[in-house]
1. Using amide H atoms built in the peptide plane, which far-off residues or other-chain residues are under 5 Å from PHE74 H to H?
2. Give, in nm to one decimal, the length gained when the segment between GLN88 and ALA318 is fully stretched (0.36 nm per residue of separation minus the Cα-Cα distance).
3. Which value in Å does the Kirkwood hydrodynamic radius of the chain take, with 1/r averaged over all unlike C-alpha pairs and then inverted?
4. Keeping every protein chain present and rolling a 1.4 Å probe, give me the accessible area per residue for the stretch 161-300 in Å².
5. Magnitude of the Cβ-charge dipole of the stretch 279-340, K/R +1 and D/E -1, about the Cα centre, nearest 20 debye?
6. Taking the Cβ-Cβ separation of ASP257 and ILE326 as r and a Förster radius of 41 Å, what is the calculated FRET efficiency to the nearest 0.05?
7. Given a 1.4 angstrom probe, what's the average accessible area per residue across the stretch 68-155, in square angstrom?
8. Enumerate the lysines that LYS203 could reach by cross-link, defined here as Cα to Cα under 16 Å, with residues fewer than 8 away along the same chain left out.
Amino acid sequence: MNRRRFLAGTGLAGASLLSGCGSLQSQSTRAPPLVENRPDATYWPTHAEGMGMAGMAQAGDYMVGLSYSFPHRFWTVTGTDAEKVEIQSDDSIHLMATVWDPETEMVLPVKAGVSITIEKDGETVADKSPWPMISQNMGFHYGDNYALSGDGLYTVRVRVNGMTERRLGAFSGRFGEAGEASVEFDFSQSALQELSFEEFPDKQGERNAVDLMAMEMIPTSQVPPAGQSPGSVLGTKKGSDGVYAATWLAEADFLDDGESYLAVSPRTPYNRVPLPMMSLDATVQAGDETAFDDALTAAVHPDIGYHYGAVVPTTGDASSVTVDVIAPPQVSRHEGYETAFLSTPSLSF
């Protein structure tokens, strides 16, 4: 299936990287040279690309939206290492799947992943699972570069696997089963070339991020501001350029008597895009007693968003919380995020 292609190398300079015969091979796929001396943090990329809508459909409990853009470079992450994936000569589009709850419109990072099969005229054109990834203007999504076989009508079959993350509040009992959907996508090279492409020669490399793109039919993947989550905010801290908001819930419909809940919500700076697929440990110290010392569990809640949390015994003493990042977000990144969120900080609240 050739699901994962690790192709390291330097950026390809020039405005037209792909050439050859046929409507797809003659496209102008642009990737300016990467910024030199990139910071180990979120930075303004060399360019931003527009998105086109391929379609949307319901897949079990999930809604799935498919969008596309020009093929582009991105970085996969293993442990604390990021490895560049170059544009290939037969890549036609960068296809993106966004998964969300149709009731709250909250975008759902699903660790179990998504699979995509693309067919044309009854023949399979592509069959591979996209990467979970984050982008400054496209937010969290599942994406990869795909090779198509020219203009025409394609059937894109999407399977969203059941969530293994803890589902809390109104999400309890939902998203545990896989869902499948089918979208008809009428692709044309001319429509692809009409998508926007903006370069930032004066801003590239600065500590900042381009804004999230607003699409009419696909919700924005953001977690709530720290002060808008339920419970008491313990504080926000920054580590490896990620922003960590810690919240303590003394009351919730999923808690029993004598229980509290610690929620830690990592997000990108500037745009509050969730940072999923991390490993976090926490220690809760109440006076001279250790109330909790274990791993936090990835979870989703309609009001807290995607986070890492644990049920903790309620104590009468004031508590201090230490959070250790064991593994950074194991998600691929578009340009501007590939050097950030790769170390393993320790944070105290």
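1. The answer is VAL85.
2. Roughly 77.2 nm would be gained on extension.
3. On the way: mean 1/r = 0.0474 Å⁻¹.
Here the Kirkwood hydrodynamic radius works out to 21.1 Å.
4. Numbers: 6830 Å² over 140 residues.
Accessible area per residue, the stretch 161-300: 49 Å².
5. Working: 1 positive and 10 negative charges, 51 e Å.
Dipole about the Cα centre, nearest 20: 240 debye.
6. 0.85
7. On the way: 2610 Å² over 88 residues.
About 30 Å² of surface per residue is accessible.
8. none
The values are calculated or read from the model by the stated rules, or taken from the named source; none is laboratory data. No experiment lies behind these values; they were computed from the predicted model shown. Quick reminder, even Gly has a Cβ in these numbers, built from the backbone with ideal geometry, and neighbours come from all protein chains shown. We work out accessible area using only protein heavy atoms, side chains counted, and drop any ligands, DNA or RNA first. Shrake-Rupley method; radii C 1.70, N 1.55, O 1.52, S 1.80 Å.
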